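These notes are about the structure you will find just below.
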Amino acid sequence: MGVEWFAAPDYWFGRLVCQRLIAALYLTGFLAAANQFRALIGEHGMLPVPRFTARVPLRRSPSLFHLYYSDRAFAAVCWTGAALAASVLAGAADHVPLGVAMAGWGVLWLLYLSIVNVGQTWYSFGWESLLLEAGFLAAFLGNARTTPPVLVLWLLRWLLFRVEFGAGLIKLRGDSCWRDLTCLRYHHETQPMPGPLSWFFHHLPGPLHRAEVAANHFVQLVVPVALFLPQPVAGLAAAAMIATQLWLVASGNFAWLNWLTIALAVSVVDAPSAAAVLPVPGRPGFAATPLWYEVMVLLLTVLVAVLSYWPARNLLSRRQAMNRSFNRIHLVNAYGAFGSVNRIRLEVVIEGSAEPARAGGSAGRAVGSAGRAGDGGGDGDGGGSGHAGHTVWHEYGFKGKPGELRRIPRQVAPYHLRLDWLMWFAAISPEYARPWFSAFLARLLANDPATLRLLRHNPFPHKPPVRVRVLLYHYRFTTPRELRATGAWWERTLVREYLAPVTLRDLAHLGPHRAVRSRP
């Protein structure tokens, strides 16, 4: 029979919502992996898993795929994880014995860990570690048959504290625009993947931008301390974090980072406080807490306490690292985001041509003069065209990242478009994209079906292009007057040629692209 100190019955509703949100995000993660892995890390992908596991041992990247890999096996892991996450989301874990429910959560964690640890650059985002850490703790929250354990609730608060406080410190120690309250003059426009409301957020008055930054500092640097105070203070702190995260959800696309933070914050809210604003049903009855469960929770608490040394030291360090995992299983990590903010938005635009290079021509270097919307590439819905040395070029369209000027940014979060996100990094640093970018272009030159499924528009549906080229543009949001006059949400100016026109044969010298399959 459980002891009184172990139980926190007033948090049953927060546990319910927290676990269901985490299950929903596991489902999202598995679906994104199933839909995108073949082109990214599949057997014939840009960064194939078999090549990775051949050079990186199991001890450095624990994953089931060290034991065996095939695309079918990877797909089976994704769809198994998705089905299990969907069942937990539907409430199945509350209708089975506690041990079975915990095992189900453990399988979710193991399957997603196996994906993350072989995902390489495509899975290098902080929200991957956050999902694994939150999902691991969720397994020890119990189910509807048991009283929520107070120790696990405190561990979730410690995780939420690291997420928020770490993000606040990385900003305060980073870009000067966070300290002079000007970062949000730029961030809504230059963030990796703007959403449908980002244009409107960008055009908020300057004083309101400063208020946004000041409020962000308060919520990330002051409010987290209140998580460890008694109710209702802790619940109010969590409510402030939830409100801030919903603001971020509305202003951009950050995969499931914001929704995971909301899930953690919900666990802080007790049922009586929630009932003051929501129609919360009566508290259910709980069975006696098994002794083995209490022992497992105590062991978990000790494990987290030991592993907390490294992220706690990181928080206190002047050289604070963000989104750092200190162990191979992604438990008790360091978090943070946007320590620096770009002042301008650079975008990589990829174009293809069905025409071979002309002898003595300069199409490989000339990209046309820098100019206004549409120069060097199309902005039409069908993938426009541009001319350089009389060569016609057609632009590839992406699902999430800015491209077509009259296309309003889309809301894709909590779903994660991994290629679109890394294209943002490619524009900032060609070195960052070096391991996979040439392989990506090679697959465009072969009309690889898996790669084309990652795109919104392929201008060569029947026959692959002969050449592709890459241009670098400066994108900015149009003004309200420009939007009314042109219907364009973006204005762009050519910066330079990012990569001169290349053929499939040329790419043999730029990086791996073996086993590219052509569409008939």
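All of the numbers you see were taken from the coordinates with simple rules; none came from a lab. The structure presented is a predicted model; accordingly, all values stated were derived computationally and were not measured. Virtual Cβ from ideal backbone geometry, glycine too; neighbours counted across all protein chains shown.
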Quiz prompt | lysines whose Cα lies under 22 Å from that of K463, excluding same-chain neighbours fewer than 8 positions away | solution = K399
Self-check item: Of F6, V412, T261, farthest towards positive along the dipole that unit charges on Lys, Arg, Asp, Glu beta carbons give the chain
Solution: V412
Quiz item: Do the sum for the chain: with -39,500 (n - 2.57) for every DSSP H run of n ≥ 4, divided by all residues, what is the mean residue ellipticity at 222 nm, to the nearest 500 deg cm²/dmol?
Solution: -14000 deg cm²/dmol
Self-check item: Packing-based exposure ordering (other Cβ within 10 Å, fewest first) of S129, S70, S176
Solution: S176, S70, S129
Practice problem: For A354, enumerate residues with amide H under 5 Å from its amide H, sequence gap 5+ or separate chain, H modeled in the peptide plane. | Solution: V466
Quiz prompt | Estimated vicinal HN-Hα couplings, Hz - segment 29-39 in sequence order (Karplus 6.51, -1.76, 1.60; Gly, Pro = x) | solution = x, 5, 5, 4, 5, 4, 7, 10, 5, 4, 7
Practice problem: Using only the Cα atoms of segment 4-316, build the gyration tensor, take square roots of its eigenvalues as a ≥ b ≥ c, and label the shape rounded, prolate or oblate: rounded if a/c is under 1.5, else prolate if a/b is larger than b/c, else oblate. | Solution: oblate
